[in-house]
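The values are calculated or read from the model by the stated rules, or taken from the named source; none is laboratory data. Quick caveat, the model's predicted, so the values are computed rather than measured. Glycine also receives a Cβ, built like all others from the backbone with ideal geometry; neighbour counts cover every protein chain displayed.
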């Protein structure tokens, strides 16, 4: 006889995995006959592809659905938001970064921290939402980011976990991560305030901090009883408390994305 009567497989964007593991652990405490498997990072697109191929039971995405994906019949529902934050090696002698400084850093004009130590940018592929967020900050930043993406001397992290690891290990690092990933994975990173504002759940909620990543559940129109039960747990008071205590801003009710 198997150790577990049922197995629930979940996969998708790396930034959501830590929070989902906390939910999975809590769910399994009260459902010992069920095993919840949170797979290593598949990325948003990889998670949706795995769902459509019936390899996982539901997917986690940090972007809304594309038209072709929506045409396959899946639905994306926002279940949380988390602040996107500038992060660095824990020994970096800085606590804040400003919008004024960023273009000079990304176009290569400034390669040092205020104390004179080397500043090492950690980049993501151009299609990543982190890069799109950076480009949206200002016209100057958009141009600087184009220059950075054309440089061959910068480290490029393919997924969220590789990105966080590089930020941890490279002295003088600078890059983007999320509060949820840093918190749930116990990452040894220093989170910098941005223009003097700390990226927290509270500052996101009250509108003082406007840079966030939306996290979506991607599901099929017909769900198994197990999937429905786990999603009910996610949306329960206990599930919301778990997410809320680990860097997530949870909406009062699930928000289904538009067409």
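Give just the number: which of (1) under 12 Å from residue 106 (Cβ atoms); (2) touching a helix residue (DSSP H, G or I) at 6+ places or on another chain (Cβ under 6 Å); (3) crowded, with 21+ Cβ neighbours inside 10 Å does residue 174 not satisfy?
(2)
Output the residues belonging to segment 181-204 that are farther than 12 Å from residue 88 by Cβ, part of a helix (DSSP H, G or I) and in contact (Cβ under 8 Å) with a residue 60 or more places away in the chain.
Within segment 181-204, 181, 183, 184, 201, 203, 204 meet the criteria.
Any residue in segment 55-68 that is on the phi > 0 side of the Ramachandran plot and in contact with a strand residue (DSSP E or B) (Cβ under 7 Å, 6 or more places away or on another chain)?
Within segment 55-68, none of the residues are on the phi > 0 side of the Ramachandran plot and in contact with a strand residue (DSSP E or B) (Cβ under 7 Å, 6 or more places away or on another chain).
Residues in segment 233-243: is at least one free of Cβ contacts under 8 Å to residues at least 40 places away in the same chain, under 20 Å from the mean Cα position of the chain (by Cα) and not assigned by TED's automatic domain parsing to the domain that holds residue 136?
Scanning segment 233-243, I find at least one residue that is free of Cβ contacts under 8 Å to residues at least 40 places away in the same chain, under 20 Å from the mean Cα position of the chain (by Cα) and not assigned by TED's automatic domain parsing to the domain that holds residue 136, so the answer is yes.
Could you grab me the full set of residues in segment 149-161 that are farther than 27 Å from residue 183 by Cβ and not in a loop (DSSP other than H, G, I, E, B)?
149
Among the residues in segment 126-147, are any more than 18 Å from residue 97 (Cβ to Cβ), free of Cβ contacts under 8 Å to residues at least 40 places away in the same chain and more than 19 Å from the chain's Cα centre (by Cα)?
Within segment 126-147 (the criterion being more than 18 Å from residue 97 (Cβ to Cβ), free of Cβ contacts under 8 Å to residues at least 40 places away in the same chain and more than 19 Å from the chain's Cα centre (by Cα)), the answer is yes, since at least one residue qualifies.
For residues that are assigned to a loop (DSSP other than H, G, I, E, B) and touching a helix residue (DSSP H, G or I) at 6+ places or on another chain (Cβ under 8 Å), scanning just segment 211-225, find the one that is nearest to residue 31 (Cα to Cα).
If we take residues in segment 211-225 being assigned to a loop (DSSP other than H, G, I, E, B) and touching a helix residue (DSSP H, G or I) at 6+ places or on another chain (Cβ under 8 Å), then 223 is nearest to residue 31 (Cα to Cα).
Whether any residue in segment 131-141 is more than 21 Å from residue 62 (Cα to Cα), assigned to a loop (DSSP other than H, G, I, E, B) and either in contact with a strand residue (DSSP E or B) (Cβ under 6 Å, 6 or more places away or on another chain) or at pLDDT below 95 (or both) is what I want to check.
Looking through segment 131-141, none of the residues is more than 21 Å from residue 62 (Cα to Cα), assigned to a loop (DSSP other than H, G, I, E, B) and either in contact with a strand residue (DSSP E or B) (Cβ under 6 Å, 6 or more places away or on another chain) or at pLDDT below 95 (or both).
All but one of (1) assigned by TED's automatic domain parsing to the domain that holds residue 38; (2) within 13 Å of residue 80 (Cα to Cα) hold for residue 201, so report the exception by its number.
That leaves (1) as the condition not met.
Which of the helices (runs of 4 or more DSSP H) contained wholly in segment 28-119 include at least 1 residues that are outside the structural domain of residue 159 (by TED's automatic domain parsing) and closer than 20 Å to residue 213 by Cβ?
43-52, 67-71
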